[in-house]
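These notes concern the structure reproduced below.
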Amino acid sequence: LAADMVHKANSGHLGAVFGCAPLANALWSSIMHFSPRKRWINRDRFVLSAGHASALQYVMLHLTGHGLGGPYDVSMDELKQFRQAGSSTPGHPEFRLTCGVEVTTGPLGQGFANAVGMAIAEAHLSARFNRENFALFDHYIFCLAGDGCLMEGISSEAASLAGHLRLHKLIVFYDDNETSIDGKTDLAFSEDVGARFAAYHWNVLRIDGSAFDSAVYAKAVEEAKSQKERPTIVIMKTTIGAGAGPGVEGTAGVHGGKLPNLESIRQRWFSPQGLRESGDPVDARIADMVQEELDELAQAGGEKATILPKFFVPRRILRRFREIGAQGDRKADQWEELVQLYFRAFRASEPDLVADLDSRVDGKYLTDNWELQVHNYLVKEQKQIYAGLRTLSNTLDGPDDGGETSSEPSPKKQKVNGTKPKYKAGRVYVSEVLKNFVRMNPAVIGGSADVASSVGGHFPEIQGHFLPPAYAEKYPGAGYAGRYIHFGVREHACLAILNGLASASCLVPFSTLFTVFYQYGLPAIRMASISKFPVLYIGSHDSIDLGEDGPTHQPVEVLPQLRAMPNLLVIRPANVEEIVGAFQVFASMYTVKQAISQYVDPKPLVRRPVFIMTSRGELGLPYRPNTAISGQDGVWKGAYVVHDVYDDLPANMHGCSSTPIKSSSAAHPPPLPDIVLIGSGQDVALVMKAKEILLQWSKAFNDRLRASFPGFPASCVKASPSMLKIRIVSMPCWELFDEQDQDYQDSVLCSNYREILRIYVEKAATKNTGHDKYAHFHVLMPSYGLSGKAVDVESKLEFTPEYIAGKVWSSWVDRGRLLPQAGDTADVGFSTWVSHFGRRAGAH
């Protein structure tokens, strides 16, 4: 079947398929417990880390009847559509696209680490819920890995951690065929894999991978299951393309593409004559079966043939595998009955445990009251923040707008006046919200790659430690029931393991890292995005603000990299309100089915990973917002107006989100801005401070301009100069903003007004990374940062309010000179560019 699939598609890989066919037969026929009809939580998992051998998995899923009659049915028609657009049999296995596929694999080694994550999930769920006589979670994870998987560094990271954690329910079959795309593996790979894994504290077994007898593989699995201390790797000596014939099998050329001798292979294995020529008694029995099938086909009206047709499965074989699948369905039903007995047995003695499991089995992983806890936390923080937070009037005549103003728009001369509110660091706010989130939701599990003490994320009194129970004496709270995983300095494995946790069901995975270190694991984040796994990534130290660690740790290009990744929500909050909103957005991945109209992916978008990026330093706004929309609500929109050009607007006009500019009433039209300043994270505070400076400069400029009016005829003075009108927009999430309708987007950015200047400021991003779709100009990092105190680094790189104000002022003046105005006449008398500037500033 696999050969027929690859030949029809004229694309695919058959080397590993032929070499590992005996293993696949053994796994699906006598070793694994699975249900083709249900996504049975206690099923054994199979992970094809060597994802290029997908045809092997699809054939076995077809034989066992996975998804039979459903939208993701692995039918014969789907096998015929292998690697074709829109089929459920893509080139590499894809989660959510094919019934029976646990994770998306293809980039080598990812599946290996995913399998480690699934083993962690099994160990945790069994420790959490299993009781005497009720082994609800008791399954194994089987992984097929090749030479390439073990060459990739991620497998070393994941294997090291799995051995340390003693994940004995993990069994990896290593297809040791000594062949890669470029030739024999000894060109680049000569280590003793068995010794390496023994050093990782794995159980190492060796078998003849060319054996057709399923008992060989079953015996190895039983030996692996006989011990409870170590994961197992079964090293199978195989021949790539075994059975393809001399000159083909055992060569690098059989790795991918069609077989040059398919017809001779079919004659050898699918005709009675070819099978009997071997003299093997098993082949002789199969020859009799093949003859029966040929006779049946002839009686059904077909031509008398001597070889089975393409894409054909003998009925006896199909019945056998379908019955195996049906047995698995019955086991799934029995497990559901056991769960109900469990509920009745422990509802009185352990009501919280039963309620937790009942919710998770029903697909509800988050509790109802976690938001109340976070709300109470937010109210407390807001009370402290707003107690000393000043207001800023757009006319600079408010009670908090004191201080002298300079008439010279020079960054070196202009300073922001007023007291600065005391804020916590962004990473502290995120850690405190995460703590509440973890405390109230026992399904949340995750960890950090050795930076939790800096980033936040480990709360031992709540999470304990996910470690073997033997560590409990040394580390109180250690055990498989723990919900904090010490990943060590293994970022890539950490993030790929989270994908395995997400796939396993009943768990909500998260990680906390320095933002820059997520680059070590970008391939795993990409796989989560393809799979739409709702994983929470928390990245701190998000910009040059981290200071002394210098450009090696300042992630000026990571934010654009993440934004470029489809299906990933990247949220960079500007204050604690937006942080809470970001957590609510992530929680919705588990609680709300979303309908997004602007979406090009052919598969329905229900869940997706979320990345919350925050600062090492203080995070908060320098003065009070003056719009109705809160930071929590603004995150859901992706962008919103934080501080607008008005100070007192009627209630029905208050808040840009509910009042698009185009639909404003004639009686009370909201004033439009001259300039829209956009930022995210700490940069929202930066542009807010810049606004205050720009207002001061505008007021000083207008005062000097008015002083020059006396003596000029009134008819020559085209307009009385007015204050600059500046709108501040926080844009925490590009992806969510892009999903809003055009009216809302226009109402925030005024993008339907050509003459309104929009400038984007972001010190966590580099140039040429997409900001021009929101703004005319942008102030971004020109290159990497430098080492020094944060305040000095920002000054050197011109990310201070004074520098930003100077750049905005310059852009504004230049734009005012160039923009044509309706009714413009030649400069006569006082009608100079200065008067154009005044008319431009007051035209709205």
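The values are calculated or read from the model by the stated rules, or taken from the named source; none is laboratory data. Since the model is a prediction, treat every value here as computed from it, not as a measurement. For neighbour counting, all protein chains shown are included, and Cβ atoms are generated from backbone atoms with ideal geometry for every residue, glycine included. Calculation scope for accessible area: heavy atoms of the full protein, side chains included, ligands and nucleic acids excluded. Shrake-Rupley method; radii C 1.70, N 1.55, O 1.52, S 1.80 Å.
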Checklist entry - Within segment 457-479, restricting attention to residues that are part of a loop (DSSP other than H, G, I, E, B) and touching a strand residue (DSSP E or B) at 6+ places or on another chain (Cβ under 6 Å), which residue is modelled with the highest pLDDT? => result Leu467
Checklist entry - Condition test on Pro411, is it touching a Phe, Trp or Tyr at 6+ places or on another chain (Cβ under 7 Å) and at pLDDT below 95? => result yes
Item to check | Residues satisfying the stated conditions in segment 524-548, i.e. of a type in the set (Val, Ile, Thr), part of a helix (DSSP H, G or I) and either within 25 Å of Ser155 (Cβ to Cβ) or modelled with pLDDT of 95 or more (or both) | outcome: Ile525, Ile530
Checklist entry - Of the residues that sit in segment 720-734 and are open to solvent by less than 30 Å² (accessible area, probe 1.4 Å) and either among the small types (Gly, Ala, Ser) or assigned to a helix (DSSP H, G or I) (or both), which one is farthest from Asp703 (Cα to Cα)? => result Trp734
Item to check | Selection within segment 70-114 - outside any loop (DSSP other than H, G, I, E, B) and closer than 30 Å to Gly153 by Cα | outcome: Gln110, Gly111, Phe112, Ala113, Asn114
Item to check | Residues satisfying the stated conditions in segment 428-455, i.e. in contact with a helix residue (DSSP H, G or I) (Cβ under 6 Å, 6 or more places away or on another chain) and of a type in the set (Lys, Arg) | outcome: Arg439
Item to check | Residue count, segment 107-157 (criterion: open to solvent by 20 Å² or more (accessible area, probe 1.4 Å) and on the phi > 0 side of the Ramachandran plot) | outcome: 1
Checklist entry - Looking only at residues in segment 772-797 that are touching a strand residue (DSSP E or B) at 6+ places or on another chain (Cβ under 8 Å) and not hydrophobic (A, V, I, L, M, F, W, C), which one is least open to solvent (accessible area, probe 1.4 Å)? => result Tyr774
Checklist entry - Given the structure, is Ala666 assigned to a loop (DSSP other than H, G, I, E, B) and at pLDDT 60 or above? => result no
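Residue-by-condition table, conditions (1) assigned to a helix (DSSP H, G or I); (2) of a type in the set (A, V, I, L, M); (3) open to solvent by 10 Å² or more (accessible area, probe 1.4 Å); (4) modelled with pLDDT under 95:
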| site | (1), (2), (3), (4) |
| --- | --- |
| Ala574 | no, yes, no, no |
| Val585 | yes, yes, no, no |
| Gln594 | no, no, yes, yes |
| Val606 | no, yes, yes, yes |
Item to check | Subset of segment 62-104 [open to solvent by less than 70 Å² (accessible area, probe 1.4 Å), of a type in the set (A, V, I, L, M) and either under 19 Å from Ser531 (Cα atoms) or without any contact (Cβ under 8 Å) to a residue 12 or more places away in the chain (or both)] | outcome: Val74, Leu97, Val101, Val103
Checklist entry - Within the bounds of segment 428-451, is there any residue that is under 19 Å from Val580 (Cα atoms) and at pLDDT below 95? => result no
Checklist outcome for this item: Flagged in segment 340-367 as assigned to a helix (DSSP H, G or I) and under 32 Å from the mean Cα position of the chain (by Cα), in numbering order, are Asp352, Leu353, Val354, Ala355, Asp356, Leu357, Asp358, Ser359, Arg360, Val361
Checklist entry - Does segment 239-253 contain at least one residue that is among the small types (Gly, Ala, Ser), open to solvent by 20 Å² or more (accessible area, probe 1.4 Å) and under 37 Å from the mean Cα position of the chain (by Cα)? => result yes
Checklist outcome for this item: Result of the Cβ filter at 9 Å on segment 610-639, keeping first residues that are within 17 Å of Val379 (Cα to Cα) and part of a loop (DSSP other than H, G, I, E, B) and partners that are open to solvent by 10 Å² or more (accessible area, probe 1.4 Å) and among the β-branched types (Val, Ile, Thr), at least 6 apart or interchain, is Leu619/Val428; Gly620/Ile385; Leu621/Ile385; Arg624/Thr391
Next on the checklist: Consider segment 200-223. How many of its residues are part of a strand (DSSP E or B) and open to solvent by less than 40 Å² (accessible area, probe 1.4 Å)?
Outcome noted: 3
Checklist entry - For segment 370-395, which residues satisfy the criterion of being open to solvent by 70 Å² or more (accessible area, probe 1.4 Å) and over 18 Å from Val428 (Cα atoms)? => result Glu371, Leu372, Ala387
Checklist entry - Looking at segment 744-771, which of its residues are more than 22 Å from Lys691 (Cα to Cα) and either open to solvent by less than 10 Å² (accessible area, probe 1.4 Å) or at pLDDT 95 or above (or both)? => result Tyr744
Checklist entry - Can Gly257 be described as surrounded by fewer than 16 Cβ atoms within 10 Å (Cβ to Cβ), part of a loop (DSSP other than H, G, I, E, B) and in contact (Cβ under 8 Å) with a residue 12 or more places away in the chain? => result yes
Checklist entry - Using beta carbons and a limit of 7 Å, which pairs, at least six apart or on different chains, have the first residue in segment 117-140 and closer than 23 Å to His486 by Cβ and in contact (Cβ under 8 Å) with a residue 60 or more places away in the chain and the second one of a type in the set (Lys, Arg) and surrounded by 18 or more Cβ atoms within 10 Å (Cβ to Cβ)? => result Met118/Arg45; Ala119/Lys169; Glu122/Lys169; Ala123/Lys169
Next on the checklist: Which of the numbered conditions does Tyr646 fail, given that it passes all the others? Conditions: (1) assigned to a loop (DSSP other than H, G, I, E, B); (2) modelled with pLDDT of 95 or more; (3) closer than 17 Å to Ile675 by Cβ.
Outcome noted: (2)
Item to check | Among the residues listed as Ser54, Ser30, the single one being assigned to a helix (DSSP H, G or I), touching a Ser or Thr at 6+ places or on another chain (Cβ under 9 Å) and open to solvent by less than 40 Å² (accessible area, probe 1.4 Å) | outcome: Ser54
Checklist entry - Residues of segment 304-339 being farther than 22 Å from Phe34 by Cβ, open to solvent by less than 80 Å² (accessible area, probe 1.4 Å) and within 41 Å of the chain's Cα centre (by Cα), which ones? => result Phe311, Phe312
Next on the checklist: For a quick check of your reading of the model, give me the residue pairs whose first member lies in segment 496-521 and is free of Cβ contacts under 8 Å to residues at least 60 places away in the same chain, whose second is open to solvent by 10 Å² or more (accessible area, probe 1.4 Å) and of a type in the set (Val, Ile, Thr), with beta-carbon atoms closer than 8 Å and at least 6 apart or on different chains.
Outcome noted: Val516/Thr552
Checklist outcome for this item: The residue from Gly447, Gly482, Gly500 that alone is of a type outside the set (Phe, Trp, Tyr), part of a loop (DSSP other than H, G, I, E, B) and under 20 Å from His124 (Cβ atoms) is Gly482
